[in-house]
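The values are calculated or read from the model by the stated rules, or taken from the named source; none is laboratory data. Here the structure is a predicted model, which is why all the values come from computation and not from measurement. Because the Cβ atoms are built from the backbone with ideal geometry, glycine has one as well, and the counts that use them run over all protein chains shown.
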Amino acid sequence: MDAIPGLSYVVTWDGSVPDSKSRVYTGPLVLQPPYPYVIKCVALTRCKYRSKLGEFVVPDESPMARGHFDIIGNCLRLAPAPSASATKFYYSTDGSEPGPHSPTYDGAGVALGGNHGEGEQLTLIRVVAIEEGKLRSPTANFRLQNVLPAPHVSYSKHDHRLEIATKPGLQYRFSVDGSTPDYSSNLYTGPIVFSAPYPETVKVIALPNPVLPSAVVTMREGHSNHGKMASHHGERPGLHPGTMGRAGRNLTDR
């Protein structure tokens, strides 16, 4: 707010009209949630009537960031709320509070590996969303609960032999061009002896064997002689879909 020298400004955000006992404005107000709907302000000076009432409508809060971990892409992908327009995401990977000073999400995903030290893995990504014309959203914390340990790798400079201590249920990929390996990189199937020209850098990653989700199992009340619930994957003779009510009653049966 542009203050005029010689005037005192008092503000309220509880809906009341400010007076001489209200909070004195001394600089930018930092709002905390839950945010007020409107901020009211008047200017005061000695021996004069107070100014006209000024009202400032507080913008709505931006919706909290939503997202999911892309296991194949080894990254966090974010998505704006369905009704949002021109939303920017700011994120941090060091545990600090993100804001406009933080890296901006560019749509390509926040990589889960990379600049965090050799053998280290991100476990927390914090994100705020700022929709155009609105206040920043609450901070969303995306935590990786199950992170594979870094693979145990041995490399002999004598005979340029690479060996990985493998574990069941995992696959191991490696790169020799300095890039971060992923599912499209070279698959490790056993000890490797490199030939000249020898790679300057070999990077190895452990990845879970990708699997598709299971089929959906639906429980419905079957019209069998015993009146038991039937488990099935699709519609079959004798199985009739319906909405279950209290005490297991089928609401389509009248």
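The set of residues in region 215-227 that are at pLDDT 85 or above and assigned to a loop (DSSP other than H, G, I, E, B) comprises A215, V216, V217. Residues that are closer than 30 Å to I71 by Cβ, at pLDDT 85 or above, exposed (fewer than 11 other Cβ atoms within 10 Å of the Cβ) and among the acidic types (D, E): does region 197-204 have at least one? For region 197-204, residues closer than 30 Å to I71 by Cβ, at pLDDT 85 or above, exposed (fewer than 11 other Cβ atoms within 10 Å of the Cβ) and among the acidic types (D, E): present.
Please specify each residue of region 14-52 satisfying the condition of being of a type in the set (A, V, I, L, M, F, W, C) and either over 33 Å from the mean Cα position of the chain (by Cα) or at pLDDT below 90 (or both). Explain how you work it out, then say what you get.
Of all residues in region 14-52, those of a type in the set (A, V, I, L, M, F, W, C) come to 17, 24, 29-31, 38-39, 41-44, 47.
Within region 14-52, V17, V24, L29, V30, L31, C41, V42, A43, L44, C47 meet the criteria.
All of K134, K203 fail the test of being in contact with a Pro (Cβ under 7 Å, 6 or more places away or on another chain) and closer than 30 Å to P63 by Cβ, apart from K134. Exactly one residue among D177, D159 is in a loop (DSSP other than H, G, I, E, B) and either modelled with pLDDT under 90 or over 33 Å from the mean Cα position of the chain (by Cα) (or both), and that residue is D159. Need a quick list: strands (runs of 3 or more DSSP E) entirely within region 6-69 having at least 1 residues that are hydrophobic (A, V, I, L, M, F, W, C) and farther than 30 Å from T139 by Cβ. Ranges flagged: 8-12, 38-44. Looking only at residues in region 77-107 that are hydroxyl-bearing (S, T, Y) and at pLDDT below 85, the one that is surrounded by the fewest Cβ atoms within 10 Å (Cβ to Cβ) is S83.
How about region 32-76: which of its residues are acidic (D, E) and either touching a helix residue (DSSP H, G or I) at 6+ places or on another chain (Cβ under 8 Å) or surrounded by 15 or more Cβ atoms within 10 Å (Cβ to Cβ) (or both)? If you could, list the steps in order and put the result at the bottom.
The first filter runs over region 32-76 and keeps only residues acidic (D, E), leaving 55, 60-61, 70.
Result: E61, single match.
Out of S16, S20, S8, report the one residue that is surrounded by 12 or more Cβ atoms within 10 Å (Cβ to Cβ) and either over 30 Å from L212 (Cβ atoms) or in contact (Cβ under 8 Å) with a residue 24 or more places away in the chain (or both).
On the way: S16 fails: surrounded by 12 or more Cβ atoms within 10 Å (Cβ to Cβ); S20 fails: surrounded by 12 or more Cβ atoms within 10 Å (Cβ to Cβ).
Result: S8 is the single residue among S16, S20, S8 that is surrounded by 12 or more Cβ atoms within 10 Å (Cβ to Cβ) and either over 30 Å from L212 (Cβ atoms) or in contact (Cβ under 8 Å) with a residue 24 or more places away in the chain (or both).
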